[in-house]
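So the structure is just underneath, and the comments pick up after that.
The numbers here are math on the coordinates, done by the rules we state, and not lab data. Bear in mind that the values here come from a model prediction, so they are computed numbers and not experimental data. Here the Cβ positions follow ideal geometry from the backbone for every residue, glycine too, while neighbour counts run over all protein chains shown.
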Amino acid sequence: MHGQNSPQHYVVTVVRDDESGATAQVRHHTFRVNIKRGGGEAGPNAAETLLVALGTCLLTNVQTLAAKMRIELQDVRVEVEGVRRDVPPGLVGIHYTLSLTSDAPLDKLEYLHEKAAEWGTVTNTLVHGVAVEGEVELRHP
């Protein structure tokens, strides 16, 4: 059981299938992603996958918090847009729109949104940044 300050670890593996695509493995789930620059036929690219993570994070928190706040939601949608810079490559802006269909008052929905963003793992990672480290492991055929 994880305590409030105990770290939770996530492990994903991405394995190249061919020049265009790879398979992402997350627990017992798999999905195909695109690894060919300028392509996209194999699946979402890395930047799109990051934006999907943000949208998923927000939806997870909206759903959880709405239940706790006794807010009935008929429909929830997040549209996330990222703007990419080429040199050096990176996203320089991310904007999302959270669309909620509900009979709840607007101020209650705005509070729901505020808390969903505040308690988001991916949201906080993107807003506050995180150190990224890597290493190479050489395996011989």
May I ask you to list the lysines whose Cα is less than 16 Å away from that of LYS68, ignoring any residue fewer than eight positions away on the same chain? LYS108, LYS115
With the contact rule set at Cα under 8 Å and sequence spacing of 6 or more, what percent relative contact order holds for the stretch 45-127? 34 percent
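What FRET efficiency would be calculated for the residue pair ILE94, ARG139, taking the C-beta separation as r and a Förster radius of 30 Å, to the nearest 0.05? List each step's numbers first, then the result.
Working: r = 35 Å, r/R0 = 1.18.
That gives a FRET efficiency of 0.25.
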Calculate one ³J(HN,Hα) per residue across the stretch 33-40 by plugging θ = phi - 60° into the Karplus curve 6.51 cos²θ - 1.76 cosθ + 1.60, and present them in order as whole Hz with x for glycine and proline. 10, 8, 10, 9, 4, x, x, x
Would you mind ranking ILE94, ILE35 by Cβ crowding within 10 Å, fewest neighbours first? ILE94, ILE35
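Between ASP86 and GLU118, what FRET efficiency comes out of the Förster formula 1/(1 + (r/R0)^6) with R0 = 35 Å and r the beta carbon distance, rounded to 0.05? Intermediate results must be reported in sequence, preceding the final value.
Numbers: r = 32 Å, r/R0 = 0.93.
Given R0 = 35 Å and the Cβ-Cβ separation, E is 0.60.
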Cut-off 18 Å, label point 7 angstrom out along Cα-to-Cβ of THR64: give me the residues of the stretch 88-114 whose amide nitrogen falls inside. 111-114
The set of residues whose placed amide H lies less than 5 Å from the amide H of GLY21, leaving out same-chain residues fewer than 5 positions away, is ILE35
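Give the longest segment of the chain that steers clear of chymotrypsin sites (Phe, Trp or Tyr not before Pro) in DSSP loops with at most 15 neighbouring Cβ atoms within 10 Å, not counting the sites themselves.
Working: sites that count: TYR10, TRP119.
No qualifying site falls inside 11-118, the longest such stretch.
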Phi-derived 3J(HN,Hα) across the stretch 126-135 with the Karplus relation (6.51, -1.76, 1.60, θ = phi - 60°), rounded Hz, x for Gly and Pro, is 5, 5, 9, x, 8, 6, 10, 10, x, 8
Hey, got a sec? Which GluC sites (Glu not before Pro) in the stretch 1-98 land in a DSSP loop and have at most 14 other Cβ atoms within 10 Å? GLU19, GLU41, GLU72
Per-residue ellipticity at 222 nm attributable to helices in the chain (runs of n ≥ 4 DSSP H, -39500 (n - 2.57) apiece, nearest 500 deg cm²/dmol) works out to -10000 deg cm²/dmol
Under a plain spin-label model, where a point goes 7 Å from the Cα along Cα-to-Cβ, how far apart in nm are HIS128 and LYS108? 3.0 nm
